[in-house]
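Here's the structure we're looking at; comments come further down.
The values are calculated or read from the model by the stated rules, or taken from the named source; none is laboratory data. Quick caveat, the model's predicted, so the values are computed rather than measured. We place every Cβ from the backbone using ideal geometry, glycine too, and count neighbours over all the protein chains shown. Only protein heavy atoms, including side chains, enter the accessible area calculation; ligands, DNA and RNA are left aside. Shrake-Rupley method; radii C 1.70, N 1.55, O 1.52, S 1.80 Å.
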Amino acid sequence: MTSRFFQPRRLAHANVFVSDYKRASDYYRDVFGFEEVYNQPDNKASFISNGNTYHDFALVDINSRYAKPGQRPGLNHIAFEVESEAALVDGYRAAVAAGVVYRSTEDHDVAHSLYQKDPDGNEVEIYADVVHDWRSARHGSFSKKKPKWVPGETNEPLTEPLHPVNPEIRVIEPSLVHGRRVAHVAMVAQDYEAMFDFYTNVVGLNAIVGGRDQAFALLAGTHSMGDFVLYRNDVETHMPMHHIGVEVGSEADLDAALEGIERSGGKLIAAHDHAARRVVFVHDPDGLPIQLFVNREWTLENIRSIDAKLAPYLI
Ligand SMILES: [Fe+2]
C-alpha cells in the first residue's frame, strides 16, 4: 500500500488507562500542571489540557467501560489531527476504497474521528475539529450519548480548518512542573517495518530522521518537528509505549521534576542534557513513562547527532 490518505498536522492527544482516573487527574494537575477541561463520570475519564487541543491527555480508568477485563495502566490510543473535516472524509473514502478497515467512526461533538488498529494492535485515531470554540462545548462533567456519524453522509463535510491555531497555553499554578502540551508519543515496535509503513502510508506522517532501514524513525506531521517515534524491539521498555513526550514551560520545571518527582509518588528514571533537547524522564504513579522536555536547538542536524543508546530517552 503506497497511497497517503491523510496529511496529519500533528499528534494531538494520548489516551491512557490509569488505575484511578480521579486520582490521576489530580496528579496530572498538581505535578505536571495540566488543567481538567471536562470529565465523563459515566466513562470514568478525565480530559486535561492547557489549551493546546480540546484534550492533550485522556485519563481513562482501568474500570471504565472502555477498558478490557484485567486492563492495566498503559496506552489506550493516540490521536492525530488533520486540517479539516473535508480532508478527513476524503482520506477516509480513499483509504476504505484501498481496503483499509476502520473499527469505528465517531461524533465527539467538537471533533469527528476515525479509529483503527496499527499492525502491532495499538489503536490509532485520526480526527478533525468541527467547532472552533471547544471550551464552550466541553467543560465540567459531561455525559451524552454520542450521535451516529457516517463520514460524508451524516453531514456535509466542513471545509473550514477548525483546529487550534497558536492557542493560548494556560499556566496552572501551583504545580511541580508546568506542562504545556503533549508533543509526541514513542513506541517500541514489534513489527518495525510494518509499523513504519502504516504510519507513513496509512496515517500519512513523514520520516524526518531515521527510517525504515534504520534503528529508529522520527515521524512528523505537517506542523511539527516530531510527533511519533518508532524504535525497534531491542529497546528496553516495560510496555509497548516507550514514552509520552510532554513539553514543559522552562528548564526550571525540569529542575523541579528532578528535585520533587519522587516525593510526589512518581519515579525518576533518567535525565539527559543535549544540544537538541534537555529531558527529565519519569514514571507517573501508575508507571506510565513521561518524557518531560525543553527543546534547545531541535534541528535535524542536532537530532541526528544524538547517540543511538540515548535516542529513546531524548527523542
Ligand atoms: Fe481520542
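Inside the stretch 29-52, can you point out the residues that are without any contact (Cβ under 8 Å) to a residue 60 or more places away in the chain and outside any loop (DSSP other than H, G, I, E, B)?
If the condition is that a residue be without any contact (Cβ under 8 Å) to a residue 60 or more places away in the chain and outside any loop (DSSP other than H, G, I, E, B), then Glu36, Ala45, Ser46, Ile48 are the ones that fit.
For the stretch 201-282, please list each of the strands (runs of 3 or more DSSP E) lying entirely inside it that holds at least 3 residues being more than 30 Å from His163 (Cα to Cα).
267-273
Before we move on, is Asn39 open to solvent by 10 Å² or more (accessible area, probe 1.4 Å), in contact with a Phe, Trp or Tyr (Cβ under 9 Å, 6 or more places away or on another chain), of a type in the set (S, T, N, Q) and assigned by TED's automatic domain parsing to the domain that holds Lys117?
Criteria met by Asn39.
Six or more apart or on different chains, Cβ atoms under 9 Å: show the pairs whose first residue is in the stretch 192-205 and in contact (Cβ under 8 Å) with a residue 40 or more places away in the chain and whose second is part of a helix (DSSP H, G or I).
Hits for this filter: Val202/Ala95; Gly204/Gly91; Leu205/Tyr199.
Could you list, in sequence order, the residues of the stretch 60-70 that are part of a strand (DSSP E or B) and within 12 Å of the ligand (Cβ to nearest atom)?
Within the stretch 60-70, Val60 is the sole residue that qualifies.
Give Ile78, Ile62 a once-over and let me know the one that is in the same structural domain as Arg23 (by TED's automatic domain parsing), crowded, with 18+ Cβ neighbours inside 10 Å and within 18 Å of the chain's Cα centre (by Cα).
None of the others qualify; the one that does is Ile78.
Please find, among Gly91, Gly121, Gly74, the residue that is on the phi > 0 side of the Ramachandran plot and in contact (Cβ under 8 Å) with a residue 12 or more places away in the chain.
Gly74
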